[in-house]
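**Q** I'd like to ask you about the structure that follows.
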Amino acid sequence: MNSQITPDISIPSMLHLNSSEDDESYTSRPGMSLTDRSDQSSEIGSLGTHEEYTVVPPHDGYKKVLVTGGAGFIGSHVAEFLLARGDDVVIVDEMNDYYDLSLKRANLALLREAYPDGKRLKIYEGDICDENLMQEIFEVDSPHWVCHLAARAGVRPSIQDPYVYIHSNIKGTTLLLELSAKYGVKNFVFASSSSVYGGSKSTYFSEDEVVDNPVSPYAASKKACELFAYTYHHLYNLNVSGLRFFTVYGPRGRPDMAPFKFIDRISRGFEIQKFGDGSSSRDYTYISDIVDGVVRAIDRPYPYQIFNLGKGSGTSLNEFIDIVQKETGKKALIKQMPDQPGDVPYTCASCEKAHRLLGYKSQVSFGEGIRRTVEWYNQAYIKNTIEVCPERQANGLGRAPSFVELRC
Ligand SMILES: O=C(O)[C@H]1O[C@H](OP(=O)(O)OP(=O)(O)OC[C@H]2O[C@@H](n3ccc(=O)[nH]c3=O)[C@H](O)[C@@H]2O)[C@H](O)[C@@H](O)[C@H]1O
């Protein structure tokens, strides 16, 4: 087994659930004391839904897993992990240009380099809404496990073009559910989002909250995916788990998201835009925690479940900028911007259910995660992108190239 491509992040052992590095305590919402955490405290010791579930043992045999969006940030990390542990992976990714395509190419190049013979890794470039292509993949490759991560994922851009979110997220997910039911998939795991909680006033968001008030087309599309997934479970007994990711960041992160954007721009002395007064807060979750949660969900088929995958503590935008300044050793040039439509003011996961049913527990504090991401940015990011695109050498190894410069 080739473990060449795993230097960027360390995936915590799947067995060490109780050794948390996370020294951050649960944070309270601004203006709210910890005693207001009624939703969280009532969940400890129950599933929050008052339903009884048997905790399923992991299926630890060989799997062939269809990973949609496998060229992207989370998808490429999940594919890397599954391949490294011995599973086979089929990737389908449309390679759209929502963000710099060369980053997705670099992600695939890393995987191809480690698994070059095409026996354990197969990559299709195409739209998950292309019925002929998807039918062919299910027919020819017979993946019995599906990890559906392909999506349009920008919150604010979804206001400008909601239709592409309906296409990729809702239509794409529905087609995958159809095919998964038709071809007898054993477990269908898909990416949802913390944004479905909208402007929830809870301190800790739990899965049994009613989430009927999405504030962006992106959030509405993810909620729609959860509903379609339930329907396919109901109609065809398809095992489905929807994972609500909480603002995921880390090495190979999405360049449209604040963690990558701030590290990149602050490192290079460029201005960053700060939306609002800096009091907005996110439960930023490090990529290795997310990979761990995703793989746990793949291995444990439940009839129908929704899980939060977060860290369980929040960081304000102002604190976040301070941490990036500290880790990069550079002062941020800040352009103050108004609050953005579609943005939620606050997110924070209750991870109780994921812990109970999946054995999931976040391991990486925000400070540590940003430290590791800055380290990757300074070392592997430049090295890897230059290795896969030799023509970039003209940019010089000594400085961080812009995303435009990085284009092949
Ligand atoms: O967990 C989710 O449900 C979502 O997480 C992510 O969305 P968000 O939480 O909005 O992350 P992100 O853009 O990093 O902005 C973070 C903070 O920085 C602020 N922000 C952002 C950019 C900027 O230039 N300036 C700024 O102040 C911004 O106002 C915000 O306060 C995913 O994109 C999405 O796919 C989905 O999965």
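The values are calculated or read from the model by the stated rules, or taken from the named source; none is laboratory data. All values derive from a computational prediction rather than experimental measurement. Methodologically, a virtual Cβ is constructed for each residue, glycine included, from the backbone with ideal geometry; neighbour enumeration extends over all protein chains shown.
**Q** Taking segment 152-199 on its own, how many of its residues are outside any helix (DSSP H, G or I) and in contact (Cβ under 8 Å) with a residue 40 or more places away in the chain? Steps first, answer last, please.
**A** Within segment 152-199, the subset outside any helix (DSSP H, G or I) is 152-156, 161, 183-193, 198-199.
Next cut, in contact (Cβ under 8 Å) with a residue 40 or more places away in the chain only: 152-156, 183-193, 198-199.
The total comes to 18.
**Q** Might you let me know whether segment 221-228 holds any residue that is surrounded by 24 or more Cβ atoms within 10 Å (Cβ to Cβ) and of a type in the set (A, V, I, L, M)?
**A** Checked segment 221-228: no residue is surrounded by 24 or more Cβ atoms within 10 Å (Cβ to Cβ) and of a type in the set (A, V, I, L, M).
**Q** Residue check: is Ile128 crowded, with 20+ Cβ neighbours inside 10 Å, touching a residue at least 60 places away in the same chain (Cβ under 8 Å), in contact with a Ser or Thr (Cβ under 8 Å, 6 or more places away or on another chain) and closer than 21 Å to Tyr183 by Cβ? Break it down stepwise before answering.
**A** On the way: crowded, with 20+ Cβ neighbours inside 10 Å: yes; touching a residue at least 60 places away in the same chain (Cβ under 8 Å): yes; in contact with a Ser or Thr (Cβ under 8 Å, 6 or more places away or on another chain): yes; closer than 21 Å to Tyr183 by Cβ: yes.
Considered against the rule, which asks whether it is crowded, with 20+ Cβ neighbours inside 10 Å, touching a residue at least 60 places away in the same chain (Cβ under 8 Å), in contact with a Ser or Thr (Cβ under 8 Å, 6 or more places away or on another chain) and closer than 21 Å to Tyr183 by Cβ, Ile128 comes out as yes.
**Q** Go through (1) of a type outside the set (S, T, N, Q); (2) touching a residue at least 24 places away in the same chain (Cβ under 8 Å); (3) under 21 Å from Val67 (Cβ atoms) and name the single condition Met257 misses.
**A** (2)
**Q** Testing Lys353 on (1) outside any helix (DSSP H, G or I); (2) of a type in the set (D, E, K, R); (3) closer than 30 Å to Tyr232 by Cβ, one condition comes back false. Which one is that?
**A** (1)
**Q** Is it the case that some residue within segment 140-148 is in a loop (DSSP other than H, G, I, E, B) and either of a type in the set (S, T, N, Q) or in contact with a helix residue (DSSP H, G or I) (Cβ under 7 Å, 6 or more places away or on another chain) (or both)?
**A** Yes - at least one qualifying residue is present in segment 140-148.
**Q** I've got another one for you. Mind checking which residues of segment 263-312 are within 9 Å of the ligand (Cβ to nearest atom), in a loop (DSSP other than H, G, I, E, B) and surrounded by 24 or more Cβ atoms within 10 Å (Cβ to Cβ)?
**A** To start, the set of residues in segment 263-312 that are within 9 Å of the ligand (Cβ to nearest atom) comprises 265, 272-276, 278, 280-285, 310.
Okay, now just the ones that are also in a loop (DSSP other than H, G, I, E, B), so 276, 278, 280, 283-284, 310.
Across segment 263-312, the qualifying residues are Asp283, Tyr284, Gly310.
**Q** Name the residues in segment 105-130 that are closer than 17 Å to Cys147 by Cβ and of a type in the set (D, E, K, R), would you?
**A** Those that are closer than 17 Å to Cys147 by Cβ and of a type in the set (D, E, K, R): Arg120, Lys122.
**Q** Looking at (1) touching a residue at least 24 places away in the same chain (Cβ under 8 Å); (2) on the phi < 0 side of the Ramachandran plot, which one does Asp212 not meet, given that it meets all the others?
**A** If we test Asp212 against (1) touching a residue at least 24 places away in the same chain (Cβ under 8 Å); (2) on the phi < 0 side of the Ramachandran plot, just (1) comes out false.
**Q** When segment 224-260 is examined, which residues are found to be within 8 Å of the ligand (Cβ to nearest atom), assigned to a loop (DSSP other than H, G, I, E, B) and of a type outside the set (Lys, Arg)?
**A** Passing the criteria: Phe246, Thr247, Asp256, Met257.
**Q** Same structure again: Considering only segment 116-137, state which residues are modelled with pLDDT of 95 or more and outside any helix (DSSP H, G or I). Steps first, please.
**A** Step one: list which residues in segment 116-137 are modelled with pLDDT of 95 or more, which gives 120-137.
Arg120, Leu121, Lys122, Ile123, Tyr124, Glu125, Gly126, Asp127, Ile128, Cys129, Asp130 - these are the residues of segment 116-137 that are modelled with pLDDT of 95 or more and outside any helix (DSSP H, G or I).
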